Each structure stands twice: as C-alpha cells, then as structure tokens.
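Q: My questions will all concern the structure given below.
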Amino acid sequence: MIKSDRWIRRMAKERDMIRPFVDKQVRKGAISYGVSSYGYDIRVADEFKIFTNINSTTVDPKKFDPKSFINFQGKVCIIPPNSFALGRSVEYFRIPRNVMTLCLGKSTYARCGIITNVTPFEPEWEGFVTIEISNTTPLPAKIYANEGIAQVLFFESDEVCEVSYADKKGKYQAQTGITLPRL
C-alpha cells in the first residue's frame, strides 16, 4: 500500500528515514520539493557528472570509463542536447526493512523533455540517491540544483522481506556521492 504524508513524517522522525527532511512542500520560486500528499519530492545537489563523448568510447556497464564524464559543481547544470548527467540527492535515505520505493521524475522537467531515472530503493538500502537526468531534446537543458527533481513513493509491506539490500551487502549501500556503475 502506498504511504501518506503522515506516515512519511512519522518515519522521518522515528527512523531518521530522510535527512535533511522538509516537513512540507516548498514551491515558491522553485521546482517543488519536500513532503507531498503521497510521497516525498527529492532535490538534486549541486554536483553533477555530465556525459561527454569526447573520448569516443563505448558505454559499457561492466567496464565503465569514468573519463566519459566531466565533473561540474554549480547552481545550474546545462545538459547538452541528447545527452545526460548524473546527480545525487540532497537527502540521505534509510529505508526500513518492510518498505520499497519507486521514484519518478517531476512533471515540470518531463514536460520539457527532461527525463529522470532512479532505480527503486530496496528494503534496508541507505545512502544518497544517484540520479540519471536525460535531456531528450535537440537543445541544451537547464537543471536547477537544490530544487525538486523527482518524487519518491513509499510502499510498505505487511511482512518483512527475507533478504534485504543490507543482508546481501549491496554494492551501492551507503553511497555518499554520485556513484558510477559497479560490478
């Protein structure tokens, strides 16, 4: 069952599930972030890895070349046409053992051809979220740091999973920055 704003507030306080935690939705002059009716809108931090084809390498998830990215830090990230950038959430998450999340891009960006991809947060996963931001347009696209980028939906099970992400010692456990593919 999807969880409400009251549940999210309670879990943030009792289990330190989201830090820093914004108790209400902030909208004025920004792409919204914070608690919403049935989710939490995360922000993208001011550090990015912008994809570049300068080295003409093949994108290989088993042998990813970090030289395929240019590091950038700033209030606004410009993603080249038909390219992407990686970012990380401002918020650090600690997911309870009986909870799974899905994360979807904000409609403000989606309506501009900017697609956000985040994989589910598995039970007992914790860390900053690595966020893939794709610019599907033939024009450069602006991403605003410290503003909303995606909405996390929380699903609570009526029973605890047998094996959590922490139990299997997941390779992205407790990630602290933008994390590239690992094997």
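Any read-out appearing in this document is the output of simple, stated calculations on the displayed coordinates, not a laboratory observation. Everything numeric here is computed off the predicted structure, so don't read it as measured data. Note that we place each Cβ from the backbone using ideal geometry, even for glycine, and neighbour counts take in every protein chain shown.
Q: With the requirement that a residue be polar (S, T, N, Q), part of a strand (DSSP E or B) and closer than 30 Å to Lys13 by Cα, what does region 65-105 give you?
A: If the condition is that a residue be polar (S, T, N, Q), part of a strand (DSSP E or B) and closer than 30 Å to Lys13 by Cα, then Ser89, Thr101 are the ones that fit.
Q: If you don't mind, there's one more thing I want to ask. When region 129-146 is examined, which residues are found to be surrounded by fewer than 21 Cβ atoms within 10 Å (Cβ to Cβ) and either closer than 22 Å to Phe93 by Cβ or not aliphatic (A, V, I, L, M) (or both)?
A: Thr130, Glu132, Ser134, Thr136, Thr137, Pro138, Pro140, Lys142, Tyr144, Ala145, Asn146
Q: Filter region 106-144 for residues that are of a type outside the set (Val, Ile, Thr) and assigned to a strand (DSSP E or B) and give the result.
A: If the condition is that a residue be of a type outside the set (Val, Ile, Thr) and assigned to a strand (DSSP E or B), then Asn117, Glu126, Gly127, Phe128, Glu132, Ser134, Asn135, Ala141, Lys142, Tyr144 are the ones that fit.
Q: Checking Phe154 against (1) assigned to a strand (DSSP E or B); (2) closer than 24 Å to Asp60 by Cα; (3) within 16 Å of the chain's Cα centre (by Cα); (4) not charged (D, E, K, R), only one condition comes out false. Which one?
A: Unmet condition: (2).
Q: Looking at region 24-64, which of the residues that are in a strand (DSSP E or B) and hydrophobic (A, V, I, L, M, F, W, C) is nearest to Ala150 (Cα to Cα)?
A: Selected residue: Ile42.
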